[in-house]
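Engineer: Handing you a structure now.
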Amino acid sequence: MRIHTPAVTAVALVCALTACSNAGEQPSSTPETTPKEVSQKDRSAAQAAAGIPPEPTGADRKALLDALASAAPDVVRYEDEAIAAARDQCSAINGEAGMLDYLAARRFSYKDVTTTEEQAAEINEALKTLGFCEL
């Protein structure tokens with residue numbers, strides 16, 4: 001004996017209608033809308049909204065690398081990765097995320113660099129003291 005509940009019937013009906021609605025359509029070879037490049041201004045605004053500061057240059061970059069090196073010397077072995085990790089960590093700091101030391105330890109562990117949670121705590125303190133994460 002088959003039992004059909006209203007929910008099972010509704011799901012079957014939706015599936016049948018969905019399958020039929022596309023049956024005679026041919027896929028378009030060109031999309032109706034083309035993706036547009038995101039401007040640098042829009043990208044910067046989105047990053048700021050996510051709590052990510054702009055990439056530092058010149059003296060600001062050196063100050064950040066020096067602060068990171070004082071907290072965990074190995075993390076600056078790969079400067080670009082260290083800068084990217086610092087910017088990403090600011091997103092967590094500015095977003096008041098939990099487990100900041102854990103997150104920093106993961107973000108600042110790359111290639112042959114391993115960062116402990118103790119070092120990560122020092123990194124977080126360095127980022128805050130430097131004011132790098134302030135937008």
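The values are calculated or read from the model by the stated rules, or taken from the named source; none is laboratory data. Just so it is clear, the structure is predicted and the values come from calculations on it, not from any experiment. With ideal geometry, Cβ positions are generated from the backbone for all residues, glycine too; neighbour counts draw on all protein chains shown. We work out accessible area using only protein heavy atoms, side chains counted, and drop any ligands, DNA or RNA first. Shrake-Rupley method; radii C 1.70, N 1.55, O 1.52, S 1.80 Å.
Engineer: Do any helices (runs of 4 or more DSSP H) entirely within region 56-135 hold 2 or more residues that are open to solvent by 40 Å² or more (accessible area, probe 1.4 Å) and more than 24 Å from residue 46 (Cβ to Cβ), and if so, which? If you could, list the steps in order and put the result at the bottom.
Structural biologist: Numbers: elements: 58-71, 79-94, 100-107, 117-130.
Once the helices (runs of 4 or more DSSP H) in region 56-135 are filtered for at least 2 residues that are open to solvent by 40 Å² or more (accessible area, probe 1.4 Å) and more than 24 Å from residue 46 (Cβ to Cβ), what remains is 58-71, 100-107, 117-130.
Engineer: Under 7 Å between Cβ atoms, which residue pairs at least 6 apart in sequence (or on different chains) link something in region 73-95 that is free of Cβ contacts under 8 Å to residues at least 12 places away in the same chain and over 15 Å from residue 134 (Cα atoms) with a partner that is in a helix (DSSP H, G or I) and of a type outside the set (Ser, Thr, Tyr)?
Structural biologist: Note: pairs meeting the criteria are 76/65; 76/68; 76/69; 76/82.
Engineer: Of these, 60, 42, which one is under 30 Å from residue 112 (Cα atoms), among the acidic types (Asp, Glu) and either within 23 Å of the chain's Cα centre (by Cα) or at pLDDT 90 or above (or both)? Walk me through how you get there before you give the answer.
Structural biologist: Working: 42 fails: under 30 Å from residue 112 (Cα atoms).
Being under 30 Å from residue 112 (Cα atoms), among the acidic types (Asp, Glu) and either within 23 Å of the chain's Cα centre (by Cα) or at pLDDT 90 or above (or both) holds for just one of 60, 42, which is 60.
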